[in-house]
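The values are calculated or read from the model by the stated rules, or taken from the named source; none is laboratory data. In this text the structure is predicted, and so the values were computed from the model without any measurement. FYI the Cβ positions are ideal-geometry reconstructions off the backbone, even for glycines, and counts take in every protein chain you see.
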Amino acid sequence: MSNPLGAEVARRLAPHVPYLFGCDVADPISALESMDFVHADTRHAAIGKLVRQLRVDTVVHLAVMVDSPHAERSIHETDVIGTMNVLTGCSAPTSQVRRLIVKSSQAIYGAAATDPSFMSEDMTSIERPATSVTRDLLDMEALVSEFALRNESCQVSVMRLGFRVSEDTTLARYLSLPIVPTFAGFDPRLQLLHEEDAVEAIVRSVLGDHPGVFNVAANGVVLLSQAIAIMGGRPAPILPPYAAWMARLGMRALVRVDVQAYLADVIAFGSVMDCSRLEASFGWRPAHSSREVMDGLASGKNLEVIEAPSPPQEYELQVYLQQRRRREARNGHHTVKVLEAHK
Amino acid sequence: MIDVKSPRQRRKASKPAEIMQPDPGFQLSKQIRRLQRRAPLYALQGISELSVRLKQMTGHDVIDFNRVMEFVQFLYKQQALARRGANYAVDDFGFDPQWTESFIDAFMVLYRDYWRVETTGVEHVPATGRALLVSNHAGVLPWDGTMIKTAVFAEHSHPRHVRALVASLFMGMPMLSWFLRRTGQTVGHPDDTRRLLERDELVLVFPEGVRGTGKQFKDRYRLRRFGRGGFVATAIRSGAPIIPVSVVGSEEIYPMVADLAPVAKFFGLPYFPITPFWPLLGPFGMIPLPSKWRIQFHAPIHVENYPPEAADDQNLVMALADEVRDVVQQGIYDNLKLRRGVFL
């Protein structure tokens, strides 16, 4: 609830369900009248008690960290141990959980040069050299599939969401750099996912009836160099290929972006998912293509964020002033001054 | 304040609007800039005059001005491509058709002037719809793939892009992986092949793989095993006809006399070739020899008439793979007979 995805899912679900209950370790970012909220940590057994006491019938488990500044250890705790707790809570004999939706990520496939061009749902493999996030996600999904086998009364959907580039993701920060260090000699394909489509996919999986594992990512791809050009940056092919750790150290030192190991692989080799199963089962495809996601990020870069506007008039005034400033800034490059004809 | 002047008076008193240009910063003088702009034209004029003079003196074309113009066109195309910025689209495999077409000119020089490729049977390649081209593979570097691509694009009545399948090893190489993906190649994975065929593309596959390119000069024009027939199974499943292709001439571009297996193993390569010029002459050893090439496209083998379940029948698949192999081998013998000499 404390991140935009959870908050938006809750907001969209609220009108469709009789009772909505949210829990997170941090405060929710938006107050929702029809939702009860409690501070609870998925890493503790309390979550199971909650599920049983409230006689919850649908659990949407979004507390899976992928792109996070936390240490690998704490990501493991949240992803694997947290999911284990949630599953234990749901699998108690008295539990009434009939649907479970688990958020996963495209990072589960990792990225390697020798990968096929499209990863379908069954192409995860523990044998490949994997980064810690990939291993955690594989562990987590193994637990989930085991749960699904043991509890046949409960329908489990795993949504592998594509990489998102909203303002605060590492990938967006990387792509927004003025000079972007890239791996020398590689120009991978990137597949992205719009925040709205991620929310829509989860809402549809809650309201619909689609058990199984699904890849969720936008149509089409953009090349890394293309994405950088869209953002107005300039690629600098200086990172050594096949030395991801060196590249990560370099990026941390030079441009102060801490690119996680799995993301470094994606930037080197690219990762594209096959979403035909989603389309066949849901009858729906993400509305925004990868290119549109990138364009959206690029146009959003120029916007200023208006902090907490209290009265509505004040807000409108701020928006007006911002628009005016932007218009002036745009015209500033090529000033056309029309002299008044009469004094 | 209310303006009391009439429109007529106002017009009379008005001055034209003054347009303020931003400061351009440091600039060379006007004359030098004009010279810079016109330099390519002056150079072309000079070359054309020189070619005319030389023709008058010697009696035959010393400088072919058409070729010069083609080169200039190529440069202008590259410049136009650089101006696209981010305004281009690639397909899901990372294929950029515009960019690829700009490079066809460069490969045309190799195709027409260097290897003097003679192509027959290009009419067997369908103008629309899916097909699987199956070719022999030779030469240390996969130049045969580029020449088949150029042949279909340049000689076919409906220029089409051939999408070749390459070993996943090459997709891990810097620069090469970028170039291969950008020009429409993809990994030789059954899934990729199926996907390309389902999009009604022309797919080129070399079932011999690195066993074909890595064979020594003494084994030239002897086909290796055609994989495990996976290409036939994929073609049956996707309902694509198989078009066998025989390439003659690619064996002689790098006459490989020995293979340094330990060095290859150290670099993680499938083979490390020793030719009369490589690694003796360093980078010059990588220049392919100007052998005479012939490419023949054979009549399609219609495996799409089989039901998709037939793909699981290993007997049938291997029989069809052998049939394709025989056609390719026979085509090689025929074309070797038609070729007057290795370099003629």
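With respect to (1) in contact with a helix residue (DSSP H, G or I) (Cβ under 9 Å, 6 or more places away or on another chain); (2) buried (at least 16 other Cβ atoms within 10 Å of the Cβ); (3) touching a residue at least 12 places away in the same chain (Cβ under 8 Å), the lone exception for B:Val72 is condition (2). If the Cβ limit is 7 Å and pairs must be 6+ apart or interchain, which residue in region A:101-118 that is within 14 Å of chain B (Cβ to nearest Cβ) and surrounded by fewer than 21 Cβ atoms within 10 Å (Cβ to Cβ) pairs with which residue that is part of a loop (DSSP other than H, G, I, E, B) and not basic (Lys, Arg)? Hits for this filter: A:Thr114/B:Gly172; A:Pro116/B:His189.
Is region B:134-142 home to any residue that is within 23 Å of B:Arg237 (Cβ to Cβ), modelled with pLDDT of 95 or more, touching a Pro at 6+ places or on another chain (Cβ under 6 Å) and buried (at least 24 other Cβ atoms within 10 Å of the Cβ)? So far as region B:134-142 goes, yes, one or more of its residues are within 23 Å of B:Arg237 (Cβ to Cβ), modelled with pLDDT of 95 or more, touching a Pro at 6+ places or on another chain (Cβ under 6 Å) and buried (at least 24 other Cβ atoms within 10 Å of the Cβ). Among strands (runs of 3 or more DSSP E) entirely within region B:161-268, having at least 1 residues that are among the aromatic types (Phe, Trp, Tyr) and either touching a Gly at 6+ places or on another chain (Cβ under 6 Å) or within 14 Å of another protein chain (Cβ to nearest Cβ) (or both) singles out no element at all.
Restricting attention to region A:55-104, the residues that are over 30 Å from A:Ala264 (Cβ atoms) and either part of a helix (DSSP H, G or I) or of a type in the set (A, V, I, L, M) (or both) add up to 11.
Residues considered: A:Ala218, A:Ala264, A:Ala253, A:Ala268. Of these, the only one that is within 14 Å of chain B (Cβ to nearest Cβ) and part of a helix (DSSP H, G or I) is A:Ala268.
Do you know which residues across region B:1-56 are in contact (Cβ under 8 Å) with a residue 12 or more places away in the chain and hydrophobic (A, V, I, L, M, F, W, C)? B:Leu44, B:Ile47, B:Leu50, listed by residue number. Reported count of residues in region A:225-236, each being buried (at least 24 other Cβ atoms within 10 Å of the Cβ) and more than 10 Å from chain B (Cβ to nearest Cβ), is 0.
Taking the stated definitions as given, is B:Asn66 loosely packed, with under 15 Cβ neighbours inside 10 Å and assigned to a loop (DSSP other than H, G, I, E, B)? So B:Asn66 does not fit the description; no. Of the residues in region B:186-209, at least one is surrounded by 21 or more Cβ atoms within 10 Å (Cβ to Cβ), out of contact with any Ser or Thr (no Cβ under 8 Å at 6 or more places or on another chain) and more than 23 Å from B:Asp326 (Cβ to Cβ).
Any residue in region A:45-55 that is under 18 Å from the mean Cα position of the chain (by Cα) and aliphatic (A, V, I, L, M)? Looking for residues that are under 18 Å from the mean Cα position of the chain (by Cα) and aliphatic (A, V, I, L, M), one finds none in region A:45-55, hence no. Within region B:147-157, can one find any residue that is under 13 Å from the mean Cα position of the chain (by Cα), more than 25 Å from B:Tyr271 (Cβ to Cβ), among the aromatic types (Phe, Trp, Tyr) and away from every other protein chain (no Cβ under 14 Å)? Yes: region B:147-157 contains one or more residues that are under 13 Å from the mean Cα position of the chain (by Cα), more than 25 Å from B:Tyr271 (Cβ to Cβ), among the aromatic types (Phe, Trp, Tyr) and away from every other protein chain (no Cβ under 14 Å). In the condition set (1) within 14 Å of chain A (Cβ to nearest Cβ); (2) acidic (Asp, Glu); (3) over 30 Å from B:Leu320 (Cβ atoms); (4) surrounded by fewer than 19 Cβ atoms within 10 Å (Cβ to Cβ), B:Asp91 is compliant with all but (3). Pairs are defined by a Cβ separation below 7 Å, a sequence spacing of at least 6 or placement on different chains, a first member in region B:116-143 that is more than 22 Å from B:Ile301 (Cβ to Cβ) and touching a residue at least 60 places away in the same chain (Cβ under 8 Å), and a second member that is surrounded by 22 or more Cβ atoms within 10 Å (Cβ to Cβ) and of a type in the set (S, T, N, Q); the pairs so defined are B:Gly139/B:Thr213; B:Gly139/B:Ser250; B:Val140/B:Thr213; B:Pro142/B:Thr213; B:Trp143/B:Ser250. Please specify each residue of region A:159-192 satisfying the condition of being assigned to a strand (DSSP E or B), more than 14 Å from chain B (Cβ to nearest Cβ) and touching a Lys or Arg at 6+ places or on another chain (Cβ under 8 Å). Within region A:159-192, A:Met159, A:Leu161, A:Ile179 meet the criteria. Among the residues of region B:16-40, those identified as surrounded by 10 or more Cβ atoms within 10 Å (Cβ to Cβ) and either away from chain A (no Cβ under 14 Å) or of a type in the set (Lys, Arg) (or both) are B:Leu28, B:Ile32, B:Arg33, B:Arg34, B:Leu35, B:Gln36, B:Arg38, B:Ala39, B:Pro40. Looking across B:Asp326, B:Asp322, one residue alone is surrounded by fewer than 17 Cβ atoms within 10 Å (Cβ to Cβ) and free of Cβ contacts under 8 Å to residues at least 40 places away in the same chain. It is B:Asp326. Across region B:285-299, a minimum of one residue is classified as touching a residue at least 24 places away in the same chain (Cβ under 8 Å), under 11 Å from B:Pro244 (Cα atoms), in a loop (DSSP other than H, G, I, E, B) and among the hydrophobic types (A, V, I, L, M, F, W, C).
Scanning region A:105-119 for residues that are in a strand (DSSP E or B) and more than 13 Å from the chain's Cα centre (by Cα) yields one hit, A:Met119. Screening A:Ser145 on (1) within 14 Å of chain B (Cβ to nearest Cβ); (2) outside any strand (DSSP E or B) shows it passes everything except condition (1).
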